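*Asks:* Okay, handing you the structure first.
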């Protein structure tokens with residue numbers, strides 16, 4: 001190898017590489033834990049990046065990368081990924097499978113949105129997407145608001161943030177940035193090809209009209225003062241996703257990581273998957289995963305046993321895991337949508353139902369506290385029904401009127 005190799009750390013900064021030099025490893029892929037490839041001319045990350053099974057840090061700052069391969073999810077030991085200063089236009093949903101990832105740096109790219117599955121990164125402690133082209137943020141871009149620092153400054157196209165994100169991260173808290181550079185209340189009449197909400201804001205004796213781009217997943221938006229019921233398909237997805245979340249919690253709670261085999265019993269009355277299997281008894285729910293469930297084995301009806309091999313143990317589960325194990329009979333596009341999850345949940349604290357493509361928007365103004373001042377910012381709240389929206393608005397004085405464009 002003609003490149004400097006110090007122990008298992010590869011220093012390949014400023015080498016003029018035009019492609020990811022994985023072929024230079026010559027069978028030593030398992031020995032590598034850290035790769036520095038800053039300021040090269042790399043335009044793509046190879047699909048066989050998964051060969052680096054023990055890689056813990058990957059620094060790709062200052063290259064010409066436009067996308068990351070889905071195979072990035074095979075780097076199960078990866079703790080730090082820095083892809084800042086590229087031309088990244090998207091992040092694959094599979095990023096959520098990097099369960100050891102602690103630092104994700106995506107600054108100075110061309111990202112317009114974040115993948116919903118990013119919230120599955122429970123080990124994540126730092127996420128930065130400053131200086132991009134973000135148009136909107138998911139309601140929950142990170143798993144834990146209190147243990148992960150989230151920076152999204154200087155995204156000029158970002159005019160609003162979710163109400164729940166503000167409530168948990170910025171309410172009465174001082175931000176760590178001197179310059180947000182986004183979320184400014186200024187007149188903006190540019191209309192995009194997506195659905196757009198036009199807000200009318202009265203502030204300091206002036207009236208502003210601001211256009212807010214809606215996430216592409218929101219295809220059925222109910223305008224203020226109007227009402228139409230959600231489709232049966234939307235209601236079905238909501239119920240199915242709630243069933244999946246119930247099973248996720250049961251698995252994560254009952255799974256014992258210290259035993260070679262894990263057996264636990266679930267009452268079929270509260271086990272949505274057991275009921276679903278009985279309903280679709282003619283369908284092969286899963287024939288590939290080494291999981292057994294026998295309803296006739298026990299004297300008590302409706303009791304099932306789940307067994308997993310040691311190699312299949314996980315410290316937590318996510319919806320995609322449950323779908324792969326039990327929902328193989330579903331059409332592919334539905335499995336993808338359920339795996340990614342809903343873009344938001346109802347902001348009524350007493351509801352919290354998942355929302356896929358049908359919702360009711362409400363907007364309000366609150367404050368973000370900066371180092372030496374405070375700024376008014378626009379918040380968007382999402383609701384599954386008109387009754388939830390009306391309940392949320394009770395007592396609030398800063399509601400913004402709006403109308404929907406591009407219908």
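*Asks:* What tally of residues in the range 24-60 results from selecting those that are within 24 Å of residue 89 (Cα to Cα) and outside any loop (DSSP other than H, G, I, E, B)?
*Replies:* Final tally of qualifying residues: 9.
*Asks:* While we're looking at this one, here's another question. Working only within the range 1-15, note down all residues that are at pLDDT 85 or above and over 34 Å from the mean Cα position of the chain (by Cα).
*Replies:* If the condition is that a residue be at pLDDT 85 or above and over 34 Å from the mean Cα position of the chain (by Cα), then 15 is the only one that fits.
*Asks:* Select from the range 48-65 the residues that are in contact (Cβ under 8 Å) with a residue 24 or more places away in the chain and out of contact with any helix residue (DSSP H, G or I) (no Cβ under 7 Å at 6 or more places or on another chain) and write down the one among them that is farthest from residue 108 (Cα to Cα).
*Replies:* The qualifying residue farthest from residue 108 (Cα to Cα) is 56.
*Asks:* Assuming residue 347 fulfils every condition listed in (1) in contact with a helix residue (DSSP H, G or I) (Cβ under 8 Å, 6 or more places away or on another chain); (2) surrounded by fewer than 19 Cβ atoms within 10 Å (Cβ to Cβ) apart from one, which condition is it?
*Replies:* Failing condition for residue 347: (2).
*Asks:* Please verify whether the range 252-275 includes one or more residues that are at pLDDT 75 or above, under 24 Å from the mean Cα position of the chain (by Cα), in the same structural domain as residue 321 (by TED's automatic domain parsing) and loosely packed, with under 13 Cβ neighbours inside 10 Å.
*Replies:* no
*Asks:* Among the residues of the range 335-382, what is the count of those that are outside any loop (DSSP other than H, G, I, E, B) and either at pLDDT below 90 or over 30 Å from residue 97 (Cβ atoms) (or both)?
*Replies:* Count: 17.
*Asks:* Could you tell me whether the range 13-24 includes any residue that is farther than 29 Å from residue 133 by Cα and touching a helix residue (DSSP H, G or I) at 6+ places or on another chain (Cβ under 8 Å)?
*Replies:* Checked against the condition, which is being farther than 29 Å from residue 133 by Cα and touching a helix residue (DSSP H, G or I) at 6+ places or on another chain (Cβ under 8 Å), the range 13-24 yields at least one hit.
*Asks:* Name the residues in the range 383-403 that are outside any helix (DSSP H, G or I), touching a strand residue (DSSP E or B) at 6+ places or on another chain (Cβ under 6 Å) and surrounded by 15 or more Cβ atoms within 10 Å (Cβ to Cβ), would you?
*Replies:* 383, 384, 400, 402
*Asks:* Among the strands (runs of 3 or more DSSP E) confined wholly to the range 86-165, which include 1 or more residues that are more than 14 Å from the chain's Cα centre (by Cα) and at pLDDT 95 or above?
*Replies:* Correct list: 103-105, 126-128.
*Asks:* Ok, one more. Please count how many residues of the range 323-334 are farther than 16 Å from residue 247 by Cα and either in contact with a strand residue (DSSP E or B) (Cβ under 7 Å, 6 or more places away or on another chain) or not in a loop (DSSP other than H, G, I, E, B) (or both).
*Replies:* Final tally of qualifying residues: 3.
The values are calculated or read from the model by the stated rules, or taken from the named source; none is laboratory data. Treat the numbers as computed from the prediction; the structure is a model and nothing was measured. All Cβ positions, glycine included, derive from the backbone under ideal geometry; neighbour counts span all protein chains shown.
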